[in-house]
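The values are calculated or read from the model by the stated rules, or taken from the named source; none is laboratory data. From a predicted model like this one, the values you see are computed outputs, not experimental measurements. In this analysis, Cβ positions are derived from the backbone assuming ideal geometry, glycine residues included, and neighbour counts consider all displayed protein chains.
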Amino acid sequence: MTDWLRRASTVFCYCIFLLILSGTSIYCKNHDPGDNEYKQRPADTEVQRENLRIISLSPNITEIIFALGAGDRLAGVTTFCNFPPEAAKITKVGGVLDPNYETMLSLAPDVVIVLRSQQQSAVELQELGLNTFVVANDTLEDVFASITSIGELLGRQKEAASLRADMESRMSAIRIKVAGLGKRRVAFVFEHSRGTLQDIYVAGKDNFINELLVMAGGNNVFADVGIGYPQVNLEAFIERRPEVIFDATQDAGDPYTVLKDLEPMRGLRVYFCYNDFNQVPGPRLVDSLDYLARRLHPEAFEE
């Protein structure tokens, strides 16, 4: 693969990744999930809601629906929806950025659930005569609100309340474990050029990754940057001196040697977490929090 093609592929994958993570799109205006017209249709009875035929346009939506015990309602999901394993058996309707409208129409769904960052798709689907239901996933509050609103849509309010309570309880237990321990200076890297620390994208503020880092006993060194997922350079790492770096890229090498060799960065710990850290803002975020906390403060989990 040529360098330009590899770079183009990396940029495309990163755009998809950000779309899944973020409720603010680079090409869509914000849509308030509270404006969902589908919830307001008077013809929807509880019986009808229990039998809705659904298409999910994001992995986190798919995971929430399965966690609510309604996976059998899914008529279609994206090619990125691979958890739980049962999701692989469901008809694929294209990607997050490029849904296949012809396939979606052929499935005759009652409603298509989309992210706020997919507003353009929502508008186009509505023009095709399909109902849409919008949820957000920027922050932990958004994730919990999505669980509640999807539960209401599907007539699974009790299951949604139970799922939220379980997640909140488990998260609180982890937060208590690390309470009072020193805050580790930490950075979370989503993307960089293969083999080098160039074109680096990290977690900034106002997103669920930053919230998880704080709950896990960390201090995100890029939390003061004004956007959710900023691009930074190597010098920014040297200036901010993180003690721990989580790298969620698929790079097989270790480009951080250049940092570890610097005197101010001695003792830097880097965790390559692509295969171990769940980045989908859904029910498995509790496991994500546990992963971070155990590496930031292993002493809190010693038997």
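Of all residues in the stretch 262-287, count the ones that are at pLDDT below 90, more than 19 Å from Thr78 (Cα to Cα) and within 24 Å of the chain's Cα centre (by Cα). Going through the stretch 262-287 one residue at a time, the tally reaches 4. Checking Leu285, Leu259 one by one, the residue that is surrounded by 15 or more Cβ atoms within 10 Å (Cβ to Cβ) and either aromatic (Phe, Trp, Tyr) or closer than 30 Å to Ala145 by Cα (or both) is Leu285 and no other.
All of Leu259, Leu296 fail the test of being modelled with pLDDT of 95 or more and either assigned by TED's automatic domain parsing to the domain that holds Val221 or charged (D, E, K, R) (or both), apart from Leu296.
For the residues Ala108, Ala136, the requirement of being surrounded by fewer than 16 Cβ atoms within 10 Å (Cβ to Cβ), in contact (Cβ under 8 Å) with a residue 12 or more places away in the chain and in the same structural domain as Ile64 (by TED's automatic domain parsing) singles out Ala108.
Scanning the stretch 159-170 for residues that are surrounded by 19 or more Cβ atoms within 10 Å (Cβ to Cβ) and farther than 19 Å from Ser56 by Cβ yields a count of 1. Taking the condition touching a Pro at 6+ places or on another chain (Cβ under 8 Å), modelled with pLDDT of 95 or more and under 25 Å from Asp142 (Cβ atoms), does Gly69 pass? Judged against the criteria, Gly69 is not a match. Quick check on the stretch 24-66: of everything there that is out of contact with any Gly (no Cβ under 7 Å at 6 or more places or on another chain), in a helix (DSSP H, G or I) and among the aliphatic types (A, V, I, L, M), which residue is modelled with the highest pLDDT? Once the filter is applied, the top-ranked residue is Ile61.
Ser117: of a type outside the set (A, V, I, L, M, F, W, C), in a helix (DSSP H, G or I) and out of contact with any Gly (no Cβ under 7 Å at 6 or more places or on another chain), yes or no?
no
Scan the stretch 141-158 residue by residue and report those that are among the charged types (D, E, K, R), buried (at least 16 other Cβ atoms within 10 Å of the Cβ) and over 13 Å from Phe208 (Cα atoms). Residue satisfying the conditions is Arg156 alone.
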